[in-house]
1. State whether the residues of region 171-184 include one that is crowded, with 16+ Cβ neighbours inside 10 Å, out of contact with any helix residue (DSSP H, G or I) (no Cβ under 7 Å at 6 or more places or on another chain), in a helix (DSSP H, G or I) and touching a residue at least 40 places away in the same chain (Cβ under 8 Å).
2. Among (1) without any contact (Cβ under 8 Å) to a residue 12 or more places away in the chain; (2) assigned to a loop (DSSP other than H, G, I, E, B); (3) surrounded by 12 or more Cβ atoms within 10 Å (Cβ to Cβ), which single condition is residue 70 missing?
3. Restricting region 107-166 to residues that are within 19 Å of residue 55 (Cβ to Cβ) and of a type in the set (Asp, Glu), which is surrounded by the fewest Cβ atoms within 10 Å (Cβ to Cβ)?
4. From the list 54, 78, 50, exactly one residue is crowded, with 19+ Cβ neighbours inside 10 Å and under 28 Å from residue 11 (Cβ atoms). Which is it?
5. What is the residue count in region 195-222 for residues that are assigned to a helix (DSSP H, G or I), among the hydrophobic types (A, V, I, L, M, F, W, C) and under 18 Å from residue 176 (Cβ atoms)?
Amino acid sequence: MDIVTTIKEIRQEPMLKSMSVGLVPTMGSLHQGHLALIRRAISENQVVVVSIFVNPTQFNDTRDLENYPRDLDADLAVLETEKVDIVYLPLVEEIYPPGFDTWVDPGKLGTTLEGIARPGHFRGVATVVAKLFNVIRPDRAYFGQKDGQQVAVIKHVAMDLNIPVEILVVDTVREWDGLPYSSRNIQLTPQRRIQAGVIYKSMLGALQLFKEGERSVAKLRAHILETLLNELDQEQIEYVDIVNADTMDRLHYAEDPSLILVAVRFGKTRLIDNLNLTRHLTLG
């Protein structure tokens with residue numbers, strides 16, 4: 001496994017010049033969700049690159065950035081076991097050198113939902129992902145459906161900027177109670193960890209109504225909120241929305257592709273989740 005830290009080194013990697021390349025961008029603190037991306041990439045490419053970079057420009061709260069979980073030694077051990085070919089570990093100064101002042105603005109997609117809750121977040125995401133694509137030039141890049149709005153932003157960045165990369169989305173990997181694997185889960189107290197299971201429960205309730213024929217977003221959303229409020233306080237719930245999965249436009253009538261998006265706060269820890277109604281209807 002090659003470990004590289006500079007743009008010069010990664011561009012000189014001979015494997016990237018003559019083989020199909022899959023990229024899995026991460027911020028480290030790897031878990032089962034990341035492993036699903038990595039294993040999918042390994043199955044579909046000759047070379048797999050995993051980047052680990054805690055991107056400061058997508059944090060609008062410096063305390064959140066400082067508290068973000070980091071365990072590089074454990075991450076490298078996991079990547080070695082998974083037989084990843086290249087690990088890219090750039091320093092902040094490598095990605096954002098002195099004088100850096102050019103940004104990728106994701107437009108309307110970056111101004112709703114998470115874009116409201118975390119101003120500037122998607123500008124940071126779009127910029128760092130575009131830079132990774134430009135430096136590594138992968139054939140395919142892998143992202144988790146857990147970050148549903150981020151997936152939509154990255155797809156549009158690649159399309160609008162004519163970046164020749166295939167964006168592949170891997171289904172959310174969940175723990176025993178439905179909570180998505182996330183680097184932030186370890187920040188939850190035992191009591192809040194138990195409470196967090198209500199998020200998936202609330203979305204499954206709406207999915208059941210949808211399967212029974214309910215298409216009114218107002219009614220589906222009301223069912224989710226009622227389930228959440230049975231176990232949480234109102235102030236913990238940041239938003240519950242049902243949107244078009246590609247455009248993030250709010251819907252009045254749930255039709256393909258309809259995506260439930262939920263954000264809930266447990267103390268200082270903020271969790272997001274989503275469920276694609278129409279995809280799950282197709283799956284049965």
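Every number here is computed from the coordinates shown, using simple stated rules; none is lab data. Predicted model only: the values in this text are computed from it and were never measured. Note that each Cβ is placed from the backbone with ideal geometry, even for glycine, and that neighbours are counted across all protein chains shown.
1. yes
2. All conditions are met except number (1).
3. Step by step, filter region 107-166, then rank; the result is 147.
4. Testing whether each residue is crowded, with 19+ Cβ neighbours inside 10 Å and under 28 Å from residue 11 (Cβ atoms) leaves just 50.
5. Qualifying residue count for the region: 4.
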